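Report on the structure given below.
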Amino acid sequence: KHPDHKDCLQSRAVAEYPSATTIHRLDMETSGVIIMALNRETHAHIGKQFERRKTKKIYIARLYGIVEQEEGEIDLPLICDWPNRPKQMVDYERGKQALTRFKVLEREEHTDPEKRATRVAFYPVTGRSHQLRVHALAINHPILGDSLYGTDTSRNAADRLQLHAKSLTLFHPKTGKEVTFKVSTPF
């Protein structure tokens, strides 16, 4: 909505396909798969799949430091941090449920502790704003290059946010068959 963001995926898609609508969002700095609809029926059908948690999403991220667990769950409720918006925060009393599953893919050991990182696959069950970024921070492993939630060291460890929507699986609105969209990770 901000004038500086006028040139965006939505405006470019509408220039080619005037009926295109955005069904879901990615954080501005996140790369990867995003789905758009070309008509209202498709938008409504896929939108309901997101609401009912019928979609499956896989994100790849590089986290600061070495994550010790091989896999796990981060189950922390989130709410908007109004004085610091658009930031989100963990709030056990007023936050909405947010659940992220993860699996370690690779540990990047280094003699310099500040250059150690862990590549993980995130499997978000819910889809709250900044969920993966806040959950990574909550386990003391912020995503590399994260300008909102990172520490000075983790923020400067990469030239961009190391978060990528690798795949999205949903049910085709006409055939009902499961369809997966994938794109390779650029980092």
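The values are calculated or read from the model by the stated rules, or taken from the named source; none is laboratory data. Because the structure is a prediction, the values reported are computed rather than measured. With ideal geometry, Cβ positions are generated from the backbone for all residues, glycine too; neighbour counts draw on all protein chains shown. For the accessible areas, the whole protein counts, side chains as well, though only heavy atoms, and no ligand, DNA or RNA atoms are used. Shrake-Rupley method; radii C 1.70, N 1.55, O 1.52, S 1.80 Å.
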Checklist entry - Can you tell which of ALA165, ALA44, ALA61 shows the greatest fluctuation in a Gaussian network model of the chain with Cα springs below 10 Å? => result ALA44
Checklist outcome for this item: Helix 40-51 sits off the longest principal axis of the Cα atoms of the chain, rounded to the nearest 10 on a 0 to 90 degree scale, by 30
Next on the checklist: If you average the alpha carbon positions of the stretch 74-113 and of the stretch 147-177, how far apart do those two centres end up, in angstrom?
Outcome noted: 13
Checklist entry - In the structure shown, do any of LYS54/LYS115; LYS6/LYS166; LYS57/LYS96 have a Cα-Cα gap over 30 Å, and if so which? => result LYS54/LYS115
Checklist outcome for this item: Regression test value, accessible area per residue of the stretch 1-94, probe 1.4 Å, units Å², expected 72
Checklist entry - Roughly how many debye, to the nearest 20, is the charge dipole of the chain about its Cα centre, given +1 on each Lys and Arg Cβ, -1 on each Asp and Glu Cβ, and no other charges? => result 900
Checklist entry - When the chain is modelled as a GNM with alpha-carbon springs shorter than 10 Å, which of SER31, SER11, SER147 fluctuates the most? => result SER11
Checklist entry - Within straight cross-link reach of LYS174, meaning Cα distance under 20 Å, which aspartates and glutamates are found once same-chain residues fewer than 8 apart are removed? => result GLU41, GLU51
Checklist entry - From the residues THR126, PRO77, ALA44, which one has its Cα farthest along the dipole of the chain in the positive direction, the dipole being from +1 and -1 charges on Cβ of Lys/Arg and Asp/Glu about the Cα centre? => result ALA44
Item to check | Simple label model, 7 Å out from Cα along Cβ direction - LEU38 to ARG94, nm | outcome: 4.4
Checklist outcome for this item: Reviewing (1) 9, 32, 30, 13, 9, 6, 1, 0; (2) 9, 33, 36, 19, 4, 0; (3) 8, 28, 27, 20, 11, 5, 1, 0, the figure for P(r) over Cα pairs in 10 Å bins from 0, in percent actually calculated from this model sits under (2)
Checklist entry - Mind checking Rg over Rh on the stretch 63-143, alpha carbons, Kirkwood formula for Rh? => result 1.02
Checklist outcome for this item: Against the 2.2 N^0.38 Å rule of thumb, the C-alpha Rg of the stretch 1-76 sits at a ratio of 1.43
Item to check | Cα-based radius of gyration of the stretch 78-123 once divided by 2.2 N^0.38 Å, which approximates compact folds | outcome: 1.65
Next on the checklist: From the helices alone, meaning DSSP H stretches of at least four residues, give me the mean residue ellipticity at 222 nm for the chain, per-run term -39500 (n - 2.57), in deg cm²/dmol to the nearest 500.
Outcome noted: -4500 deg cm²/dmol
Next on the checklist: Given a 1.4 angstrom probe, I'd like the percentage of the accessible area of the chain that is carbon and sulfur, rounded to a whole number.
Outcome noted: 49
Item to check | Spherically averaged projected area of the stretch 93-187 from its Cα convex hull (nm²) | outcome: 8.1
